[in-house]
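Down below is the structure, laid out as structure tokens.
The values are calculated or read from the model by the stated rules, or taken from the named source; none is laboratory data. Being a predicted model, the structure only gives us computed values, none of them experimental. We place every Cβ from the backbone using ideal geometry, glycine too, and count neighbours over all the protein chains shown. For the accessible areas, the whole protein counts, side chains as well, though only heavy atoms, and no ligand, DNA or RNA atoms are used. Shrake-Rupley method; radii C 1.70, N 1.55, O 1.52, S 1.80 Å.
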Amino acid sequence: MTDEHIKQAIIGIIADIAPDEDTGSIDPAVRLRDQMDLDSMDFLDIVMELRKRYGVQVPDTDYQHLASLDSCVAYLRDKMAGKQLVS
Amino acid sequence: MTTDQQQGFNLKSEGKRVLRGSSGGRVDQKANPVEKAKGEYDVVVIGGGLAGLTGANVMATQGYRVCLLEQHYNYGGMATWFRRPGGHVFDISLHGFPVGMVKSMRRYWSKEIADSIVQLESIRFDNPQFSFETQFTREDYTNKVVNAFKLDRAHVESFYDYLRKMEYYNNDGTTTGQMLERFFPGRNDVHRAFMEPITYANGSTLHEPAITYGIVFSNFMSKGVFTFSGGTDQLIMRMRKIMAQSGVDMFSGAQVERVLVEKGRVAGVRVNGRDIKARTVLSNANIKATVLKLAGEENFKPEFIEQTKAVRLSGSSCQVYIGIRQGEEIPFITDLLFCSEATHFTSEELCDMHTKSRTFSFYYPKTRPHLKNAGFTIVSSNNANWTDWQGLDETEYEREKNALIERTVTHLEKYIPDVRSKIDHLEASTPRTFNFYTQQVQGASFGTKFEGLDVSMKLSEQIPGLYHAGSVGIIMSGWLGTVNYGVITANKMAEYLHGSRSGVAS
Ligand SMILES: Cc1cc2nc3c(=O)[nH]c(=O)nc-3n(C[C@H](O)[C@H](O)[C@H](O)COP(=O)(O)OP(=O)(O)OC[C@H]3O[C@@H](n4cnc5c(N)ncnc54)[C@H](O)[C@@H]3O)c2cc1C
């Protein structure tokens with residue numbers, strides 16, 4: 001999966017769990033929490049969806065790596081290698 | 001009474017099996033309730049309270065084979081209701097929850113359930129120190145306390161901000177009482193306004209760690225207090241439908257007697273004398289009962305057993321159920337009335353057996369809009385201690401229950417002077433009732449004090465595959481807390497199962 005696909009994968013998950021948020025204008029460098037109304041349960045949902053859709057495990061000690069889109073990409077690059085984007 | 005009964009453990013594993021039903025649990029259980037259960041599951045859930053139901057549903061929607069075993073004939077645990085002649089339906093724990101429920105219901109249950117959540121129109125406080133009505137939104141509540149107590153608005157706001165940020169602080173040992181005293185020194189009336197509703201909501205006192213107050217108060221103090229339109233029966237019915245669609249095998253009247261442990265790992269459960277294999281077990285039973293009774297001390301490290309034994313349970317409750325005769329009406333008073341005749345506020349007074357403080361929940365026909373003949377019911381709740389009620393003999397018990405009913409109706413007459421002539425059903429429940437129906441140790445209404453959370457979260461470190469979700473640690477109690485905790489635990493279980501499938505954890 002390319003970096004762009006990883007970003008799309010995360011945005012796709014956020015769009016599903018927080019349908020009221022505008023996912024079109026997310027700044028990849030800025031913390032997601034600072035741009036959207038996301039709480040710790042939302043991050044838990046992202047983790048559960050990553051497991052369900054891509055078989056990727058994110059242990060709770062690593063949740064901090066999901067702070068922004070850029071940090072997600074850096075953290076997930078190896079884990080998502082060879083996976084297909086689920087729409 | 002056996003020692004187990006005195007401690008509040010109530011695991012009916014021996015002797016004649018009965019269904020816990022409206023006739024006081026004396027209906028004989030006929031068929032084998034778990035006859036149709038398969039021999040093995042990925043997940044067996046012990047208990048169908050809100051945490052167990054939610055955990056089971058989340059696991060099933062992730063594709064796991066899930067079985068849920070509930071000892072009562074009904075699902076819901078404390079989130080329950082009962083019917084009485086005269087067309088009455090009484091809700092036990094449908095008094096109010098924070099707005100966060102909307103999101104959790106939509107996400108983990110259904111949009112339809114989320115769409116039935118509505119805001120309470122009015123909440124009233126009435127006691128010798130102050131009296132006002134509020135919607136309990138941040139804006140309205142601030143206006144009311146600023147006016148009633150002549151406080152500086154910026155100071156009140158700074159208190160909220162402090163509370164909101166507490167999530168990120170560590171627990172430094174400050175108690176809620178100390179924190180309130182620091183912000184509002186010498187103002188027992190202000191402490192009452194901030195603490196009383198939270199005590200009703202989760203049984204906590206001024207002596208708990210301030211962080212528990214910060215988290216719970218911040219959840220509530222935002223958009224108001226919410227309820228489920230349709231009543232608890234509709235909610236649980238819809239949840240059961242969704243679980244049937246998700247493929248959860250559900251069995252009621254199924255008493256889990258034992259968590260089976262083999263070679264240090266979870267192997268399954270023993271239920272009504274039958275063994276069912278499971279890769280993971282999620283216990284929604286009380287955390288102390290889970291460790292000390294269901295899994296058994298011998299399967300844990302001694303330090304963990306000590307830690308578990310030291311966990312204090314939350315308080316319990318008494319309720320009085322008041323049915324208004326069909327055809328009679330009562331005026332709109334408010335939805336939720338926090339009232340007291342005690343001159344001053346102390347946590348001890350609120351839990352006293354003869355407390356002068358209680359919350360009235362008024363259920364108007366709007367509670368069950370789908371019913372043609374929906375009537376009026378009123379439920380009074382107060383905090384209570386297991387030890388006050390546990391030792392009474394049957395005569396004393398009946399006498400105390402009747403005295404509670406009488407005090408409650410007299411208190412209610414202050415707000416609806418002619419109510420007595422309109423009542424056609426009166427009944428009381430006590431800590432013993434809650435213990436009997438849900439097997440919560442000592443009838444705990446809200447699980448445990450703060451320290452219980454650590455034990456709950458570390459269970460799987462002691463016995464891989466064994467998890468707990470349910471009201472615990474004050475912050476994980478109430479409808480919202482237990483639903484969310486069910487999800488948090490389900491995520492940990494999925495992580496474990498996923499890992500062991502690909503060989504990582506095995
Ligand atoms: C009087 C009262 C009023 C309340 N009001 C509110 C309110 O207004 N708002 C709010 O948010 N919260 C309220 N609460 C709190 C809320 O109801 C509880 O925190 C929540 O419902 C607890 O859910 P739970 O899943 O932790 O446990 P429980 O509801 O206790 O469920 C545990 C389940 O496990 C079953 N079980 C236990 N042991 C076994 C076994 N060995 N085998 C099989 N089954 C077993 C029990 O029968 C039960 O069904 C109130 C509570 C009480 C008592």
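Report yes if some residue within the range B:432-443 is open to solvent by less than 40 Å² (accessible area, probe 1.4 Å), at pLDDT 95 or above and more than 16 Å from the ligand (Cβ to nearest atom); otherwise report no. There is no residue in the range B:432-443 that is open to solvent by less than 40 Å² (accessible area, probe 1.4 Å), at pLDDT 95 or above and more than 16 Å from the ligand (Cβ to nearest atom).
Candidates in the range B:293-312 are the residues that are open to solvent by 10 Å² or more (accessible area, probe 1.4 Å) and not in a helix (DSSP H, G or I); of these, the one that is farthest from the ligand (Cβ to nearest atom) is B:Lys301. Only one of the numbered conditions (1) open to solvent by less than 20 Å² (accessible area, probe 1.4 Å); (2) free of Cβ contacts under 8 Å to residues at least 40 places away in the same chain is violated by B:Lys111, and that is (1).
Scoring B:Asn491 on the criteria (1) closer than 20 Å to B:Arg106 by Cα; (2) open to solvent by 10 Å² or more (accessible area, probe 1.4 Å); (3) away from the ligand (no atom under 14 Å from the Cβ) leaves a single failure, condition (2). Residue count for the range B:257-277 satisfying the condition of being within 16 Å of the ligand (Cβ to nearest atom) and either open to solvent by 10 Å² or more (accessible area, probe 1.4 Å) or not assigned by TED's automatic domain parsing to the domain that holds B:Tyr64 (or both): 10.
Count of the range B:175-194 residues, restricted to those that are aromatic (Phe, Trp, Tyr), closer than 22 Å to B:Asp126 by Cα and assigned to a helix (DSSP H, G or I), is 1. Looking only at residues of the range B:64-74 that are under 17 Å from B:Ile236 (Cβ atoms) and open to solvent by less than 10 Å² (accessible area, probe 1.4 Å), we find that the one that is nearest to the other protein chains (Cβ to nearest Cβ) is B:Leu68. Candidates are the residues of the range B:444-471 that are crowded, with 23+ Cβ neighbours inside 10 Å and β-branched (Val, Ile, Thr); the one that is nearest to B:Asn383 (Cα to Cα) is B:Thr448. Among the conditions (1) closer than 25 Å to B:Ser500 by Cα; (2) open to solvent by 70 Å² or more (accessible area, probe 1.4 Å); (3) assigned to a loop (DSSP other than H, G, I, E, B); (4) without any contact (Cβ under 8 Å) to a residue 60 or more places away in the chain, A:Asp20 misses just one, which is (1). Within the option set B:Thr280, B:Thr227, B:Thr290, being assigned to a helix (DSSP H, G or I) and either open to solvent by 30 Å² or more (accessible area, probe 1.4 Å) or outside the structural domain of B:Asn382 (by TED's automatic domain parsing) (or both) holds for one residue only, B:Thr290. If you check B:Thr61 against the conditions, is it within 14 Å of chain A (Cβ to nearest Cβ), within 30 Å of B:Leu94 (Cα to Cα), surrounded by fewer than 21 Cβ atoms within 10 Å (Cβ to Cβ) and in contact (Cβ under 8 Å) with a residue 12 or more places away in the chain? The answer is yes for B:Thr61.
Look through the range B:313-336, keep the residues that are away from the ligand (no atom under 16 Å from the Cβ) and not aliphatic (A, V, I, L, M), and return whichever of them is least open to solvent (accessible area, probe 1.4 Å). Only one residue tops the list, namely B:Gly323.
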